[in-house]
1. Filter the range B:34-70 down to residues that are in a strand (DSSP E or B), touching a helix residue (DSSP H, G or I) at 6+ places or on another chain (Cβ under 8 Å) and more than 17 Å from B:E92 (Cβ to Cβ) and give me whichever is farthest from the other protein chains (Cβ to nearest Cβ).
2. So A:R860 passes all but one of these: (1) charged (D, E, K, R); (2) within 26 Å of the chain's Cα centre (by Cα); (3) under 30 Å from A:I781 (Cα atoms). Which condition number does it fail?
3. Which of the residues spanning the range B:1-33 are under 19 Å from B:E92 (Cα atoms), modelled with pLDDT of 80 or more and of a type outside the set (G, A, S)?
4. Does A:R508 count as of a type outside the set (A, V, I, L, M) and either at pLDDT 90 or above or touching a Pro at 6+ places or on another chain (Cβ under 9 Å) (or both)?
5. For the range A:591-622, enumerate the residues that are outside any loop (DSSP other than H, G, I, E, B) and out of contact with any Phe, Trp or Tyr (no Cβ under 6 Å at 6 or more places or on another chain).
6. Listed residues A:T806, A:T832, A:T749; which is farther than 16 Å from A:L484 by Cβ, surrounded by 15 or more Cβ atoms within 10 Å (Cβ to Cβ) and not hydrophobic (A, V, I, L, M, F, W, C)?
7. Would you point out which residue out of A:V485, A:V546, A:V489, A:V494 is in the same structural domain as A:R702 (by TED's automatic domain parsing) and touching a residue at least 60 places away in the same chain (Cβ under 8 Å)?
8. A:G788: without any contact (Cβ under 8 Å) to a residue 12 or more places away in the chain and either outside any helix (DSSP H, G or I) or among the aromatic types (F, W, Y) (or both), yes or no?
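The values are calculated or read from the model by the stated rules, or taken from the named source; none is laboratory data. What you see is a predicted model; the values in this text were computed from it and never measured. So basically every Cβ, Gly included, is an ideal-geometry build from the backbone, and we count neighbours across all protein chains shown.
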Amino acid sequence: MTHRSAVREELDEEVRDYFERARADLIREGMTAHEAARVARHTLGDASRAREDLRSYGWENALEATLGDLRLAGRRLRQSPGFASIGILTLALGIGASTAILSAVVPILFAPLPYPHAERVVMLSDHNIDGGRMDVTFGTYEELAARSRSFGALAVADRWRPALGGLGEPERLIGDRVSAGYFRVLGIAPRLGRNFEAADDTYRGPRVAIVSEGLAKRRFGSARAVLDQPIVLDGNEYVVIGIMPAGFENALSPQAEVWTPLQYRAHAPFDSGEWGHHLRMIGRLAPGESVQRAEREILNIAGAPSADFPRPQWALFENGLRVESLQRSVTSAVRPALLAILAAVLLLLAIACANVTNLLLARGVARRSELAVRAALGAGRGRLARQLLTESLLLALLGGVAGLGIAALGIDAIVALAPAGLPRLDAVRLDVPVFLFAVAITASVGLAVGLVPALSGTREDLRLDLQSGTRALGGRHHRLRRLLVVTEVALALVLLTGAGLLLRSMERLLETASGFDATDALTMQIVTTGRRYDSDDAALRYFESVLGAVRNVPGVTDAALTSQLPLSGDFDAYGVVFESAPQTTPDDPSVLRYTVTPGWFRTMQIPLLRGRLLDARDRPGSAESVLISESFAQRWFGEQDPIGQRVRFGPEIGRTGGPWDTIVGVVGDVKQASLALEPPAAFYVAMGQWTWVDVVQSLTVRAHGDPAALVPSIKHAIWSVDPSPPIVRVATMGDLIAASEAQRRFALTVFGVFAVAALVLAALGLYGVIAGSVAERTREIGLRAALGASPLRILALVLRQGMTLTGVGVALGLAGAAVATRGLATLLFGVTAVDPLTYAGVMALLFGVCILACSVPAWRAARVDPTIALRSE
Amino acid sequence: MPEPTTDVIQGTLDMLILKTLSLAPMHGYGIGRRIEQISRGVFKVNPGSLLTALHRLERAGWLDAQWRHTENSRRAKFYSLTRAGRRQLELETESWQRRVTAVTRLLKAEG
């Protein structure tokens, strides 16, 4: 660089020499010294352009000029820290937030699943009576696998939660029991070992398993160490025959680490488990087939029953099956929230763009006189443009770097905050193209517009600017800036309204009755393992001992067990038939089954409405008693007294002889899937009286004081009966309720953060415009003050200007919000998309912040010294 | 009465500089003044163009530049013609003559 600066000094010296000689000559010709200097300097204007031209020779000069520009730009930004920090912050927010959200949402919603020809992988589900999706029965799968021609392969999967025994602490694994073709449908084969074959998937076939690379490494050291070795799952030895590749994504249940063949009976009798709606079916469309053609074919098969494949009443699939891409199917639950968040971040990005544009416009206008001076001194238009571009690019660069930081933090936060059911979370990582896109969009809009004021004028205009200061200019730019501020306010209002509606929904939701008392209730899941509990008697005895041991823990006031826990994500439902009409299954066969110990209702504080609760009489062997929920009673009995009515559920339905179950009582409704959903019909049976004893039970404990403090002693009590069963999902009922609304809470959090950011940006934009306007009108305001306007009136004058902009923005925003919030409908609860209270609150907040933003410049205006009007001309 | 001044004819500034320097080494200001004087004030040299041209010619290797101390202890950059510059001057002069002859002939043509 020393060489470069030496060259520049020489250049300067040459110009100076030229100037001195010219001046001397002029004096010699009779000019006064002063006149001579002026004329010489006039000619020099051209000379300094020569200097610029000379410097732009050659690449080393170009590089030097660029570095010079950068240094100058850095200095300029440092000279106006307010502009720089707001600009960088705005860019960082816009770039960071949109990169984080797009990085998360795009792979989840739009990127194809990581399977060969992923577009052909579909999910097949039965139609629920209310149009929802329902799992299929094994019989339906068997029939379609044999009769359908649309699919290259079909497979079914059932959730499997085996306890891994043997070495170390017992651990409950997440896995699937799958039909032999499962991995062929997905198109991914094990990395090591072999795939499942038809011979593996036979009734009482060999105990074999395929495990994930992650599980192999975590528990056994390496894939090779466990391949062809036996592992102990639920007390039985399984031979590991294959290891899935490390990147394998099991879209159906992302956390699955172990798979075993389903091994169901072919042509099982109707009263067997095979005929329950509990299997998720996937298929790979044959080449050339489409989803529509497959649906039509299935409908045809449904309409033409075959004697080889008899169907029970509840598995007629007379409306065919729903066939949809697996991608869409696994994301359908989170789609509304994610789309809403996507829209929110695009709004925020638009606000950020508007703000940056606004900022650069203001700066461009403010700098016109500076630019005019430099142009008059001979700087070429291209040179000025380059200088401005460098400045804007430096700003964008700094904003981008800060944005990258925000994006990285944001993605971590998203992964941490994400509701447990969020699929494809593994695919979420910082997306570089998305980042570059966000940088480009935010920066380029601002840059392009920021250049306009500097370059729009001709040199003649610039000369005018030089004479007039900044006063006379920029009517057009002012209009544009006002328009931008109005847009920002409007967009911020839309975001705020969305956040407000979600917040109100959450409040409403948490106010709704869950049907039980969650305070001081602790829950944990006990997973019995192994052959020891293969017999129902042994399992029953074990659970009763556990209950006794837990009740003896000091501090525990009550304890009970249940097969499924409300608001925990458990879902276990069965069909029902009534003795009064044994041949007809009701429209919607799903009734939630709770197999409980008699103390359940007391522990959960579920009220008895009619009849009696379950008690010690309801033992294995005695006549089966059931309790039904209030909605069950209303739905099927109406005004009629359900007590004494007789019913059969699920696996009992196919039974021809045998006893019926008697309804002995009605209890209050309990929310199961979500607080937001109407409570579904439910029935309760004593643990010993159901067809089987569930191997996984949820223990619920009520205690004095903080139940969390009792966790170690309760675990100890459970393990004192048998140290082998894993204890999982330890949580208070309050935690579970919160988690059950995680998706809503997630959307609410994101909307809340974005809305606050939008509010701040809009306020900054408004502040900038009003402050700029006050600065430009200083003389006019001074004049008004001199003519007798009181400070209060001037204050009001400025505030009115700000409030007019805000008002227009709010009006537009209201219209926008009324339309946009319709997209939120599925996420709302207990409020409509046009909830007046929310709108009122949001408007009050927005106006309040905007008044605040205007009051600083208004205050400044009110204190303008009247003499300024006289002085500055 | 002095003749009206005009900018140097486009494309001839290089030639005029080379010609001026073929007589004696000179600094930028001197070159400009000399062109104005010899042309009897017809040509007015724009200093920006002049300095730019000087550097361009220096880069092209037609001029040599040397810093010399002047009377009042300032430094001035003196330019002189190189051998290549002399050849270039010949080429440009020749080409100029050709063009002038052609233009003159065209202007004189009648009928």
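1. It comes out as B:D64.
2. Single failed check for A:R860: (2).
3. B:T12, B:L13, B:D14, B:M15, B:L16, B:I17, B:L18, B:K19, B:T20, B:L21, B:L23, B:I31
4. No, not satisfied.
5. Those that are outside any loop (DSSP other than H, G, I, E, B) and out of contact with any Phe, Trp or Tyr (no Cβ under 6 Å at 6 or more places or on another chain): A:L592, A:W600, A:F601, A:R602, A:T603, A:L608, A:L609, A:R610, A:G611.
6. That would be A:T749, the only listed residue that is farther than 16 Å from A:L484 by Cβ, surrounded by 15 or more Cβ atoms within 10 Å (Cβ to Cβ) and not hydrophobic (A, V, I, L, M, F, W, C).
7. A:V546
8. Judged against the criteria, A:G788 is a match.
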